[in-house]
Amino acid sequence: MKILIIGGGGREHALAWRLSRSALVKGIVASPGNPGIAELATCVPAPENVSGYLHIAATYSIDLTIVGPEAPLVAGVVDVFQRASRKIIGPTRAAARLEASKLFAKKFFARAGIPTARARESWNEFAFPVVIKADGLAAGKGVVIAQNRIEAERAIEQLGPHVVIEEFLEGEEVSFIALSNGEMILPFAPTQDHKRIFDGDRGPNTGGMGAYCDPRILTSQESGDIMERIMLPAIRQMRKEGNPFTGFLYAGLMMTTEGPKVLEFNVRLGDPETQALMHNFRGDFAEVLTLTEAGPETVYPQSWADCSLCVVLAAQGYPERPRVGDLITGIAEAEAAGAIAFHAGTVKRNGELLTNGGRVLGVTSGGETLQEAINNAYKAVGKIHFDGMQYRKDIGQKGLRRW
Ligand code: AMP
Ligand code: GLY
């Protein structure tokens, strides 16, 4: 089969890399792709609107399309494909509201009985800190944890009138991602992201500075709990409301003393969680994707026995104002050491690879243990250079502390 991947970041490079190893996949097209993806696929510039992707799918005789980022989903790319009877994996625009609107999501959790932070009309109903979230898509910048009255007032000024106000939850964050065909769901191994820019979870939030995949992040009891209390109720309720959820459902969870609670739903794969997931996946991922057409009882046997780790190398000035145009060297040496450098913000100009965004590369490696995956990934990071390169030195450490 021929696959179209919509997007051009590290997540999409990881998907292209994993799918390029599938016996079922005969060709990959990416739009827009990036210089790393271009080594595995045909890259086509992003069209002006989501209908343009349908045109690309027709031109390249694509059998199946997968969507990386949220923006085309929220713009209705799945609806466009479904109307034309073309296969695509992702939620419709209506179902994508689970990510696009925090107010919609919060009311949905209540209707579905899904555990989440208690929400209130006003911040003065809680003890501080309180969490204030902008309603719409905000690329990780729409959440303020206010420690006092002044910060809460400032946050509301800054985020505008459409906000969700909720209690602050304590615990460990876990990314739990599953693939659904609207009826059944196939859970992937748990992952953990590192959202803050600096070591020790300090500094401003980013898109994600690194992630690791280790089956031991959750006990089987905890995974079962998440499926029973969160993932399955979500799929059932969406179907009941006439918006069946198809595609990747990503629950950002807080593991609290009262059990798992949802911080947010995303309607797509995570970035950089996908880099770790694809690296650690054993099997044919194209087979997993075709599961969306299979019957509700199908369960695909997956193996996630090992560990993997992705370290994001970011540009100087990220996340506020990343500098672009710095020369990148050492990728071949890093990959000779057994890692893969997934491209995120890179561009090729006159044969040179330059930085072209905030998150530049996701250096990913694996191991039988988390410690081994950490060692392998950081060894590869040490081979790569660009001016102003910044990365966290502690990706995966919270996983080690648990054991
Ligand atoms: P979100 O976009 O909702 O995932 O929020 C971004 C980040 O803010 C999360 O990854 C958490 O670290 C933090 N956060 C969001 N909601 C809460 C909450 N209710 N309690 C504690 N931390 C939160
Ligand atoms: N890694 C967080 C996200 O993809 O939203």
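Every number here is computed from the coordinates shown, using simple stated rules; none is lab data. Note that this is a predicted model, so its numbers are computed, not measured. Cβ atoms come from the backbone with ideal geometry, glycine included; neighbour counts cover every protein chain shown.
Below is a table of values for the structure above.
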| item | result |
| --- | --- |
| From the options Arg93, Arg111, Arg83, Arg97, residue that is touching a Phe, Trp or Tyr at 6+ places or on another chain (Cβ under 6 Å), farther than 20 Å from Ile28 by Cα and either among the charged types (D, E, K, R) or without any contact (Cβ under 8 Å) to a residue 60 or more places away in the chain (or both) | Arg97 |
| Given (1) within 23 Å of Gln371 (Cα to Cα); (2) within 16 Å of ligand 2 (Cβ to nearest atom); (3) more than 17 Å from the chain's Cα centre (by Cα), index of the condition Tyr318 fails | (1) |
| Qualifying residue in region 31-42 (condition: in contact with a Cys (Cβ under 8 Å, 6 or more places away or on another chain), assigned to a helix (DSSP H, G or I) and surrounded by 19 or more Cβ atoms within 10 Å (Cβ to Cβ)) | yes |
| Spans of helices (runs of 4 or more DSSP H) in region 197-289 with at least 3 residues over 13 Å from the mean Cα position of the chain (by Cα) | 220-226, 232-240 |
| Matching residues, region 88-118, being in contact with an Asp or Glu (Cβ under 7 Å, 6 or more places away or on another chain), farther than 26 Å from Leu291 by Cβ and not charged (D, E, K, R) | Ser101, Leu103, Ala117 |
| Pairs where the first residue, in region 1-25, is touching a residue at least 24 places away in the same chain (Cβ under 8 Å) and the second is of a type in the set (Ser, Thr, Tyr) and part of a helix (DSSP H, G or I), C-beta under 8 Å, 6+ apart | Leu4/Tyr53; Ile6/Tyr53; Gly10/Thr274; Arg11/Thr274; Ala14/Thr274; Leu15/Thr274; Leu24/Thr290 |
| Search result, residues across region 334-381 that are among the polar types (S, T, N, Q), at negative phi and out of contact with any strand residue (DSSP E or B) (no Cβ under 8 Å at 6 or more places or on another chain) | Gln371 |
| Residue match in region 245-257 (condition: surrounded by fewer than 17 Cβ atoms within 10 Å (Cβ to Cβ), in contact (Cβ under 8 Å) with a residue 12 or more places away in the chain and farther than 30 Å from Ala377 by Cβ) | yes |
| Subset of region 208-228 [crowded, with 18+ Cβ neighbours inside 10 Å and of a type outside the set (Ser, Thr, Tyr)] | Gly208, Met209, Gly210, Ala211, Cys213, Asp214, Ile217, Leu218, Ile226 |
| Sole residue being buried (at least 24 other Cβ atoms within 10 Å of the Cβ) and more than 29 Å from Ile132 (Cβ to Cβ), chosen from Ala14, Ala84 | Ala14 |
| Entirely in region 292-400, the strands (runs of 3 or more DSSP E) that have 2 or more residues that are over 16 Å from Ala276 (Cα atoms) | 346-349, 352-355 |
| Conditions (1) in contact with a Pro (Cβ under 8 Å, 6 or more places away or on another chain); (2) among the aliphatic types (A, V, I, L, M); (3) surrounded by fewer than 23 Cβ atoms within 10 Å (Cβ to Cβ); (4) over 30 Å from Leu354 (Cα atoms); number of the one not met by Leu98 | (3) |
| Residues of region 53-80 satisfying the condition of being without any contact (Cβ under 8 Å) to a residue 60 or more places away in the chain and of a type outside the set (Asp, Glu) | Tyr53, Leu54, His55, Ile56, Ala57, Ala58, Thr59, Tyr60, Ser61, Ala75, Gly76, Val80 |
| Cβ pairs under 9 Å, 6+ apart, first in region 216-233 and within 13 Å of Val262 (Cβ to Cβ), second charged (D, E, K, R) and crowded, with 17+ Cβ neighbours inside 10 Å | Ile230/Lys261 |
